[in-house]
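Novice: Have a look at this one.
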Amino acid sequence: QVPLKPGRSLMDWIRLTKSGKDLTGLKGRLIEVTEDELSKHNKKEDCWICIRGFVYNVTPYMEYHPGGEDELMKAAGADGTDLFDQVHRWVNYESMLKECLVGRMAVKPVAALKGLFTCSHKILGLVNNWNEVYFLKCSPNFVSFLPCVSGIFWHVTESYDWFQTDSLITVVIYTKQKDMNADLVIVDCQDKQLRGEIIMDDHSYLVNIDLDHAVSEDVAVNIAEKVGKVEIILNKKDNVHWKMLGQPCEGHNTFIKRTDRGLFYRKCKLVSKTEVTHDTKLFCLMLPKGTHLRVPTGQHVYLKHIIAGTEVVKPYTPVLPFLPLDFQEPPCHDGVHIYLMIKIYSHGLFTQALDHLQIGDYISVSNPEGSFKKSQVQTSEDLLLLAGGTGFTPMVKLLNFALTEVSCLRTVKLIFFNKTENDILWRNQLEQLALKDERFEVQFILSQPSKDWVGKQGKISSSLLSEFVKRSRRDSKVLICICGPVPFTEQGVQYLKDLGYSQEEIHAFTA
């Protein structure tokens, strides 16, 4: 992020979009944009960008963009979809830029053969007038279309079936993936809508059905981990015989990249809000009854809230309600609550809106996202955590997982950077944890200490890191995780590389 000029905040941008000013320069007209026309608008004073087939005039947004003008200019006069997905796919650009919409990209005429052209088992390729490729998959229970990603054909191995008793409906998904676990299964069942998503690395398989009859809010998920079978068990509201499971909805029975899937949200209730420090609070959100969702270690969710008529989205990493000090067995996930440790900024539009939520209010929470994998910890002997301020949040579950379930770790060290003593999150809990477990060490470093502070002081630097970031043995396998404000993280990664640590030994938490 870059510092914005006065009068260029998110709230200022929302006010501008509501002002009625012509932000496209087209006086309300929508046009069809050719590639040649798009390429002409590639300057700061005249900048058009295409995202997922829609073209926006982002010229008036330049000074309001938190990432700075240079980031927007990387996609000037071109298709910026891939760049957008890499940096902040979670941003609701449709809402933020709706007054900047120029129109849609013109579709190139392509001479496409209509009809069926490949056949493998029960998978048939199909081409339509727009040269879009689909798979037609048939079975006794369903017929559905599966979009082909990037023109690459594959045999879809995932499938589902269903059966019923007088009181239950069981949907069975055969993923054929070993080591399937509850963290990889997300189920939302509200009213008559069933949505079940199975995460498989960077892809996901989706069952999305408008059920034939009503079911209760209680949903159970059973997993046969070794064979990858997932059962979603629903309770019928009425003991009637279902002739069919229901009607397929958007994306049903597809196996595609998660980045192509888009984010799914459900409304969660705020059940408590407690003070952690002078400006940071612990929010406890309750999932809906028909939702099965567990946020894996090292992953984050997005909160979505409507502010002044505009959808605003921000990423947050769930934490535990407290740091457990007893590591005899893995922590029990209640599967009901999500805890978020959030710093309330005095001029922060989003965090101020969160702080004004009342107990019982609702906020939208997305599916988990993130690239971190537990296996990175399970193969390490030394785990070193660098946190700046609320960059501590991904370290909470990581600490708990490492000290509870990873026996090969010899040392776990947290180097925690803050401005003042009052800013240190869960200081007492961390100090108790260091006394309780001899493998764990915590080092607090302050950039604006009081005269009474006897600990280390300074900001993240190569010299400070060289003092604290060390292997327990010369050849030990190390994993260094870092999270904090963007400059903190970027500088920290560079300092670590300068100290000789490889990219494979460093994981930066970014959203």
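Novice: From the set of residues in segment 369-409 that are in contact with a helix residue (DSSP H, G or I) (Cβ under 9 Å, 6 or more places away or on another chain), buried (at least 21 other Cβ atoms within 10 Å of the Cβ) and not hydrophobic (A, V, I, L, M, F, W, C), which is farthest from residue 183 (Cα to Cα)?
Specialist: Looking at residues that are in contact with a helix residue (DSSP H, G or I) (Cβ under 9 Å, 6 or more places away or on another chain), buried (at least 21 other Cβ atoms within 10 Å of the Cβ) and not hydrophobic (A, V, I, L, M, F, W, C), I get 388.
Novice: Sticking with this one: Within segment 435-472, which residues are small (Gly, Ala, Ser) and either within 24 Å of residue 402 (Cβ to Cβ) or under 31 Å from the mean Cα position of the chain (by Cα) (or both)?
Specialist: Across segment 435-472, the qualifying residues are 447, 455, 461, 462, 466, 472.
Quick grid of which residues meet (1) free of Cβ contacts under 8 Å to residues at least 60 places away in the same chain; (2) part of a loop (DSSP other than H, G, I, E, B); (3) open to solvent by less than 20 Å² (accessible area, probe 1.4 Å); (4) not aromatic (Phe, Trp, Tyr):
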site: 4; (1), (2), (3), (4): no, yes, no, yes
site: 8; (1), (2), (3), (4): yes, yes, no, yes
site: 15; (1), (2), (3), (4): no, no, no, yes
site: 25; (1), (2), (3), (4): yes, yes, no, yes
site: 36; (1), (2), (3), (4): yes, no, no, yes
site: 47; (1), (2), (3), (4): yes, no, yes, yes
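Novice: Also, I was wondering about something else. When residue 353 is evaluated against the numbered criteria (1) among the small types (Gly, Ala, Ser); (2) assigned to a helix (DSSP H, G or I); (3) within 20 Å of the chain's Cα centre (by Cα), which criterion, by number, is the only one it fails?
Specialist: So residue 353 meets the others, but not (3).
Novice: Kindly list the number of the only condition in (1) open to solvent by less than 30 Å² (accessible area, probe 1.4 Å); (2) in the same structural domain as residue 192 (by the TED database) that fails for residue 285.
Specialist: (2)
Novice: Out of the residues in segment 307-316 meeting the condition of being modelled with pLDDT under 90 and open to solvent by 40 Å² or more (accessible area, probe 1.4 Å), tell me which one is farthest from residue 95 (Cα to Cα).
Specialist: That would be 308.
Novice: Check segment 359-374 and report whether any residue there is part of a loop (DSSP other than H, G, I, E, B), in the same structural domain as residue 278 (by the TED database), more than 21 Å from the chain's Cα centre (by Cα) and on the phi < 0 side of the Ramachandran plot.
Specialist: yes
Novice: When residues of segment 472-490 are filtered for being of a type outside the set (Val, Ile, Thr) and part of a helix (DSSP H, G or I), how many remain?
Specialist: 3
Novice: Residues that are modelled with pLDDT under 85 and among the hydrophobic types (A, V, I, L, M, F, W, C): does segment 78-85 have at least one?
Specialist: Yes, that holds for at least one residue.
Novice: Further, regarding this structure: Can you tell me which of 414, 383 is at pLDDT 95 or above and out of contact with any Phe, Trp or Tyr (no Cβ under 9 Å at 6 or more places or on another chain)?
Specialist: After applying the criteria, what remains is 383.
Novice: Any residue in segment 451-477 that is not assigned by the TED database to the domain that holds residue 489 sitting within a Cβ distance under 8 Å of a residue that is exposed (fewer than 15 other Cβ atoms within 10 Å of the Cβ)? List the pairs, counting only those 6 or more apart or interchain.
Specialist: Within 8 Å, no pair qualifies.
Novice: Separate question: Does residue 305 meet the test of being in a loop (DSSP other than H, G, I, E, B) and under 30 Å from residue 8 (Cβ atoms)?
Specialist: Against the criterion (in a loop (DSSP other than H, G, I, E, B) and under 30 Å from residue 8 (Cβ atoms)), residue 305 does not qualify.
Novice: Mind listing whichever residues of segment 182-206 are among the acidic types (Asp, Glu) and surrounded by 20 or more Cβ atoms within 10 Å (Cβ to Cβ)?
Specialist: Narrowing segment 182-206 to residues among the acidic types (Asp, Glu): 183, 188, 191, 197, 201-202.
Residues satisfying the conditions are 188, 197.
Novice: So, residue 340, is that one at negative phi, among the hydrophobic types (A, V, I, L, M, F, W, C) and not in a helix (DSSP H, G or I) or not?
Specialist: Details: at negative phi: yes; among the hydrophobic types (A, V, I, L, M, F, W, C): yes; not in a helix (DSSP H, G or I): yes.
Yes, satisfied.
Novice: Give the residue, chosen from 227, 240, that is open to solvent by 40 Å² or more (accessible area, probe 1.4 Å), more than 30 Å from residue 315 (Cα to Cα) and modelled with pLDDT of 90 or more.
Specialist: After applying the criteria, what remains is 240.
Novice: Taking segment 410-450, which residues are in a loop (DSSP other than H, G, I, E, B), exposed (fewer than 15 other Cβ atoms within 10 Å of the Cβ) and without any contact (Cβ under 8 Å) to a residue 60 or more places away in the chain?
Specialist: 419, 420, 438, 447, 448, 450
Novice: Please go through segment 50-107 and pick out each residue that is among the small types (Gly, Ala, Ser), farther than 21 Å from residue 40 by Cβ and crowded, with 18+ Cβ neighbours inside 10 Å.
Specialist: Those that are among the small types (Gly, Ala, Ser), farther than 21 Å from residue 40 by Cβ and crowded, with 18+ Cβ neighbours inside 10 Å: none in segment 50-107.
Novice: Here's a check for you: in segment 249-259, which residue that is crowded, with 17+ Cβ neighbours inside 10 Å and of a type outside the set (A, V, I, L, M, F, W, C) is nearest to residue 194 (Cα to Cα)?
Specialist: Restricting to residues being crowded, with 17+ Cβ neighbours inside 10 Å and of a type outside the set (A, V, I, L, M, F, W, C), the top hit is 252.
Novice: A further question follows. Would you pick out the residues in segment 271-330 that are of a type in the set (A, V, I, L, M, F, W, C), touching a Lys or Arg at 6+ places or on another chain (Cβ under 9 Å) and free of Cβ contacts under 8 Å to residues at least 40 places away in the same chain?
Specialist: None - no residue of segment 271-330 is of a type in the set (A, V, I, L, M, F, W, C), touching a Lys or Arg at 6+ places or on another chain (Cβ under 9 Å) and free of Cβ contacts under 8 Å to residues at least 40 places away in the same chain, so the list stays empty.
Novice: Here's something else I'd like to know. Considering only segment 347-368, state which residues are open to solvent by 40 Å² or more (accessible area, probe 1.4 Å) and without any contact (Cβ under 8 Å) to a residue 40 or more places away in the chain.
Specialist: The answer is 352, 356.
The values are calculated or read from the model by the stated rules, or taken from the named source; none is laboratory data. In this text, all values refer to a predicted model and were calculated from it rather than measured experimentally. Note that we place each Cβ from the backbone using ideal geometry, even for glycine, and neighbour counts take in every protein chain shown. The area values use the complete protein model at the heavy-atom level, side chains included, leaving out ligands, DNA and RNA. Shrake-Rupley method; radii C 1.70, N 1.55, O 1.52, S 1.80 Å.
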